[in-house]
1. Mind sorting S156, S437, S413 by how few other Cβ atoms lie within 10 Å of their own Cβ, fewest first?
2. Tell me, what ³J(HN,Hα) does each residue in the range 257-269 have, in order and in whole Hz, if you take phi through Karplus 6.51 cos²θ - 1.76 cosθ + 1.60 with θ = phi - 60° and put x for Gly and Pro?
3. Around I440, which amide H atoms from residues at least 5 apart in sequence, or from another chain, sit under 5 Å from its own amide H, with H modelled in the peptide plane?
4. Would you mind ranking H237, H348 so that the residue whose beta carbon has the fewest other beta carbons within 10 Å leads the list?
5. Return the Cα extents of the range 404-443 along principal axes one, two and three, sorted largest first, each rounded to a whole Å.
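No lab work stands behind these numbers, since they all come straight from the coordinates. Note that the coordinates shown come from a computational prediction; the quantities given were computed from them, not determined experimentally. Note that each Cβ is placed from the backbone with ideal geometry, even for glycine, and that neighbours are counted across all protein chains shown.
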Amino acid sequence: MEMENLDLNIIEGHEWAQELRKSLHDITDRGFLNWCQIVLELGENEVELEKWIGIFKGQIEERFKELWVDVMDMKAKVIDSITELLQTTQNYARELGSGENLLDINPDDKYYRVQKDLLKRAERLEKIVQERRQTLNELLEKQTALCTLLEKPPISLQTSPLPSNDNIEKLQQYIDDLEQEKFNREECYIQLKQSIIEMSKQLDMVPKSDFERNILSDNKTNFDISKSNMAHLQKYHDNMDKQLKSMREEIDQLRKTVDDLWTILEESITERDSFHDRNPGYSISTLKALRDEVKRCENLKKANIKVFVEKLRTELHSLWKMCYHLNQEDLSDFPWFTSDFYTEDLLHYHEIEINKWRSFYCQNEELIKLFAEHEKLWNNLLQMENKDNDGLNRYKNRGGQLLREEKERNKLSKKIPQIEEKLRSLAFDYEEYHGSSFQIFGTPILEYIDNLHLQRDQNRKIKLSAKKQKLQDVTPAKSCLSLFPSSSRLVTPGTGGSTIKRKLIKPQTTSKKARIDTPKQCGKIHFFMYFNLYF
């Protein structure tokens, strides 16, 4: 490859080239002149001179060619670098899943400038790739560890090309969720462990397996919080909790049984308190002590069956009365109540019956208490009506008694229907649930209430009829004579109407004559008496 013949115009405007050309001229002229001086001193031998001129020109030309070749090699290297940088930039762009815009590179621009631009692009993309790959590797490593620990499926992501930022953010969110679940499981493990340790102390439980020993130990050992292990731990906790609840229920039941037995046995309060102080709370030792105490009391009860049966009968009769079950004469529903053959079976039957009616009262306490309130108000109403039927009470109105009674009567007339409405609703609920009606002394409660109203109406009619009959037997004349006896004659008791006359003191006469009640006026009085008796 030969050098081209170029025009000086190519360096026009490039000061460094023009300065170099000037310097080369000076160097060439100095070298040329010094060379010529020596040649001239040697003499102008045409043969030698021609040879020396050829050597001089060849050396100069060869030197310039070497310099030109060096520059051409440098150019080729720059072009190769540009090509390599272009490829690298494109590779990084593909790795990132995005296209790098290369259209803004001017192909006519200087090679070094293009090389510098591409180098910056490549370095920038390389940094992004390295950071993303490092982040991805760290996340994948975390995910692997967490998924293995928690027995969760991992998110699968390709490593080449690298996932997008959105996918990496999703992976990060998934890892955050896994870490939160890990934290939750660790917290759950700590809570379950503490609860299990506390329950094991109450149950006096001894660990039987390595798993149980690990849980019940005070050492902070590493526990694999995998899904299966946590399920096993939860099951172990639930079983222990079930045992503890069962023990608590049995202790509560035994305490109630012991209290009932103590009541029957008339155990002293001091002994009861002493036993409770020795056996507090809920523990295996307390359970054992209660079982032993129940056994002791049962043995004492068996030794005094008759006494205890009579006490149970008293309690049972009280329960029947509270539940409005039986009249005192009607004991057919429980024939053992009157049995005099005192055995353990008889005692047991009474205990069953008492528990049955205790449960009945607790289940229907609202209905029973509401009916008791109705019964009380109803009796108050009947008492007030009986007072009203006494005619003398109509004239005893000292201190506003009639007004107070009227207010109380109005209050009862409003409240009783409200209670009956609630009773009706509760009775319907009871019948719907049990399939039978709630009984009051063997009569359905609604029918019983209706009978109360019917009986009240009948009694009122009977009393009203009796009043009318009584008024018919009293004549107006007799009424007048009884209310206004004659004042012209005084009859001394025991004389049988003697004819002895007594001089009466005459009142001073006035312009007005004294008014004497006539039969007409007596008729008015008789009317008011009838009105008061009727109302």
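1. Details: S156 7, S437 16, S413 10.
Ordered from fewest to most neighbouring Cβ atoms within 10 Å, S156, S437, S413 come out as S156, S413, S437.
2. 5, 4, 4, 4, 5, 4, 5, 5, 7, 6, 5, 5, 4
3. It is I445, by chain and number.
4. Values: H237 18, H348 11.
The fewest-first ordering by Cβ neighbours comes to H348, H237.
5. Reported extents, whole Å, longest axis first: 44, 19, 7.
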